[in-house]
2 protein chains.
Amino acid sequence: MSVRVAVFGATGVVGKEMLAILEERMFPASDVHALASRRSIGVEVSYGDRTLKCADLENFDFSKVDLVLMAAGADAAREWAPKIAAAGAVVIDNSSAFRMDDDVPLIVPEVNPDAIDAMPRNIIANPNCSTAQLVVALKPLHDRAIIKRVVVSTYQSVSGAGKDAMDELWTQTRGIFVNDPVTKEQFTRQIAFNVIPHIDVFMKGGDTKEEWKMTVETQKILDPAIKLTATCVRVPTFVGHAEAVNVEFAQPMPAKEARALLRESPGLMVVDNPDEDAYVTPVECVGEFATFVSRLRDDPTVENGLNFWCVSDNLRKGAALNAVQIAELLVNRGVLKSAA
Amino acid sequence: MSVRVAVFGATGVVGKEMLAILEERMFPASDVHALASRRSIGVEVSYGDRTLKCADLENFDFSKVDLVLMAAGADAAREWAPKIAAAGAVVIDNSSAFRMDDDVPLIVPEVNPDAIDAMPRNIIANPNCSTAQLVVALKPLHDRAIIKRVVVSTYQSVSGAGKDAMDELWTQTRGIFVNDPVTKEQFTRQIAFNVIPHIDVFMKGGDTKEEWKMTVETQKILDPAIKLTATCVRVPTFVGHAEAVNVEFAQPMPAKEARALLRESPGLMVVDNPDEDAYVTPVECVGEFATFVSRLRDDPTVENGLNFWCVSDNLRKGAALNAVQIAELLVNRGVLKSAA
């Protein structure tokens, strides 16, 4: 079979990765459309060796496609996803618009593929970037030893906030070299040579929405019984999110066993040998499909405690790759019936 | 009274801060000597408006001073501190050489000033940078509600690794703008636009020595009963360490109460109002004396849980300021009897 696909928001950092990954993974697409808002009509984007010209999403006939990968903001998603689904296409949405809706599955294919069985609205949600890589690492451990509680601190790259945020890190950094004043638009503080404990908006109680998302999305994808508290921090890296994770299990999960278990688990790559300084940092994960786990250590301060370090390309596993994996799942399970 | 002081290692990033802070805080010094290794003899360093010429530490007569602030590595400290103490001066050492020795007090003046009463070797140790700011924040909370367990992830600036490390961040970053290849000497990975979960050497069990120090130093300074697990991460900031801290107490410690308590506690500045984006980031703490606490939040995932964010100038509270505060303590308690 082959699928007629549209990428909605094709000029953004995630949209471009979606096109790249559809091609890299040889997704069985018979037809690929790049859609963008009016000001980007005609802009050229790459799909493998081919160049696509962005079409106007406002005037696109969505009945011509089977699948739409949405890489736009939550507002655009709320406006467009229901219309697209009504036109007959399945929507995989990367925004936070529908993630916590009961009738929208929130899927990480390595973790909860069966959630795809119920999608009454023809909309599937892609999780937040920092959640996606975390649940891939937690899932095999949870299956073996039952996670009770997670304390996680993140080191999130600016690409999670989009292209303008990447430009701001670049421009501020260059400005510091040539003594230009630092100007801020995307971030509340200087991000060049700084870290900012503030991602998305603050909520009642003092958590940011990014921190809240990590809790509720992990519960929806993996297990509602898991308790998770997060501190989400923006750091001056361009691509690749890192997480320092502390886990408390109901049953023993020594680092040695966790290492062996995670080595055999889907979507993961264990790089963990202190004797050889073997661990993964954000710049090393860019462009990779895997979620990398390093620095697995017993935590003796709590019963059945474990520390680890987890790194992944936030534009890939945290966004575009996971969306394409969901699309692959739809194809493999015969959910997308199409142009065959 | 007035004190004859020498700063040992006066050309390093910490030595320079020691001289600056002695002057800023109007330490009652009758005489200040800047000492350095042979290759830096004659190098000029600032002490307030005055300029000092570095003298050769090898040929310095330590019986001419009452107090030596040491800002050298652990090897130099092990060689020199006993000789200096034997010559009659009190040594405040910033290295890790003596910190865990039973007969050397490890002091953060806001936390355990009375430890100064027993210093049989005339050597006092200054804690590790990431520990110093943490215990200042933890102490008032511990006194009120008894800390059981701490999970901390750090965001540590390159200045903690010295001047060459700062130069490496600068040079690598500039190199990326002009397409020079990234060369690494001070760090195991590229530090520009990256984060590295590796500070100091790896130990048996997988913790780094930096992580181990945070545990054992917190126990020695604050309370041996506190359990602490740390993940220490180098980030591309020049000065200022940040920490995401999760604490479990024996008794209730709501964020609201913690905020009020910490506002009244020595050495601390609470900047915490999400409605106004009020929190402190590393670039904002540079040159300050305070340890800043922000983002105090109840952690509902554990009984009596609390999250907070803690930032301080690692060259100041984490090193030079704390050493000068110890010197002030010696003066205030009449331990230094001198040139009066």
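Quick one: which strands (runs of 3 or more DSSP E) lie wholly within region A:216-278 and hold at least 3 residues that are touching a helix residue (DSSP H, G or I) at 6+ places or on another chain (Cβ under 7 Å) and open to solvent by less than 20 Å² (accessible area, probe 1.4 Å)? If you could, list the steps in order and put the result at the bottom.
Numbers: elements: A:227-231, A:241-249, A:268-270.
Passing ranges, in order: A:227-231, A:241-249.
Can you find a residue that is open to solvent by less than 20 Å² (accessible area, probe 1.4 Å) and either modelled with pLDDT under 95 or not assigned by TED's automatic domain parsing to the domain that holds B:THR154 (or both) anywhere in region B:332-340?
Applying the first criterion (open to solvent by less than 20 Å² (accessible area, probe 1.4 Å)) to region B:332-340 yields B:336.
Within this subset, residues satisfying the condition of being either modelled with pLDDT under 95 or not assigned by TED's automatic domain parsing to the domain that holds B:THR154 (or both) are B:336.
Yes, there is a match, as at least one residue in region B:332-340 is open to solvent by less than 20 Å² (accessible area, probe 1.4 Å) and either modelled with pLDDT under 95 or not assigned by TED's automatic domain parsing to the domain that holds B:THR154 (or both).
So, A:ALA258, is that one more than 10 Å from every other protein chain (Cβ to nearest Cβ), small (Gly, Ala, Ser) and closer than 21 Å to B:ALA230 by Cβ or not? Walk me through how you get there before you give the answer.
Details: more than 10 Å from every other protein chain (Cβ to nearest Cβ): yes; small (Gly, Ala, Ser): yes; closer than 21 Å to B:ALA230 by Cβ: yes.
Yes.
Being within 18 Å of B:ARG189 (Cβ to Cβ) and touching a residue at least 24 places away in the same chain (Cβ under 8 Å), is that true of even one residue in region A:253-268?
If we filter region A:253-268 for residues that are within 18 Å of B:ARG189 (Cβ to Cβ), which is where we start, we get none.
Within region A:253-268, none of the residues are within 18 Å of B:ARG189 (Cβ to Cβ) and touching a residue at least 24 places away in the same chain (Cβ under 8 Å).
Return yes or no: is B:ALA76 in contact (Cβ under 8 Å) with a residue 60 or more places away in the chain, in a helix (DSSP H, G or I) and among the hydrophobic types (A, V, I, L, M, F, W, C)? First the steps, then the outcome.
Values: in contact (Cβ under 8 Å) with a residue 60 or more places away in the chain: yes; in a helix (DSSP H, G or I): yes; among the hydrophobic types (A, V, I, L, M, F, W, C): yes.
Spelling it out, B:ALA76 is indeed in contact (Cβ under 8 Å) with a residue 60 or more places away in the chain, in a helix (DSSP H, G or I) and among the hydrophobic types (A, V, I, L, M, F, W, C).
Out of region A:185-208, which residues are away from chain B (no Cβ under 11 Å) and under 21 Å from B:ALA242 (Cβ atoms)? Spell out the reasoning first.
Pass one, region A:185-208, residues away from chain B (no Cβ under 11 Å): A:185-186, A:199-200.
Within region A:185-208, A:GLN186, A:ILE199, A:ASP200 qualify.
Give region B:39-81 a look and list any residue that's open to solvent by 30 Å² or more (accessible area, probe 1.4 Å), under 17 Å from B:ALA10 (Cβ atoms) and hydroxyl-bearing (Ser, Thr, Tyr), or say none.
Listed by number, the residues that qualify are B:SER46, B:THR51.
Out of the residues in region B:169-179 meeting the condition of being within 13 Å of chain A (Cβ to nearest Cβ) and either in a loop (DSSP other than H, G, I, E, B) or among the charged types (D, E, K, R) (or both), tell me which one is surrounded by the fewest Cβ atoms within 10 Å (Cβ to Cβ). Working first, answer last.
Going through region B:169-179, the residues within 13 Å of chain A (Cβ to nearest Cβ) turn out to be B:169-178.
Filter once more, so that each one left must be either in a loop (DSSP other than H, G, I, E, B) or among the charged types (D, E, K, R) (or both): B:174, B:178.
On the way: B:ARG174: 14, B:VAL178: 7.
Filtering region B:169-179 for residues that are within 13 Å of chain A (Cβ to nearest Cβ) and either in a loop (DSSP other than H, G, I, E, B) or among the charged types (D, E, K, R) (or both), the one surrounded by the fewest Cβ atoms within 10 Å (Cβ to Cβ) comes out as B:VAL178.
Just give me the residues in region B:1-19 being open to solvent by 20 Å² or more (accessible area, probe 1.4 Å) and either farther than 14 Å from B:ALA327 by Cα or in a loop (DSSP other than H, G, I, E, B) (or both), in sequence order.
B:MET1, B:SER2, B:THR11, B:GLY12, B:VAL13, B:VAL14, B:LYS16, B:GLU17
Which one is nearest to A:LYS227 (Cα to Cα), of the residues in region B:279-293 that are within 9 Å of chain A (Cβ to nearest Cβ) and either touching a Pro at 6+ places or on another chain (Cβ under 7 Å) or surrounded by fewer than 21 Cβ atoms within 10 Å (Cβ to Cβ) (or both)?
Here the answer is B:TYR279.
The values are calculated or read from the model by the stated rules, or taken from the named source; none is laboratory data. All values derive from a computational prediction rather than experimental measurement. Positions of Cβ are generated from backbone atoms using ideal geometry, with glycine treated the same way; all protein chains shown enter the neighbour counts. Calculation scope for accessible area: heavy atoms of the full protein, side chains included, ligands and nucleic acids excluded. Shrake-Rupley method; radii C 1.70, N 1.55, O 1.52, S 1.80 Å.
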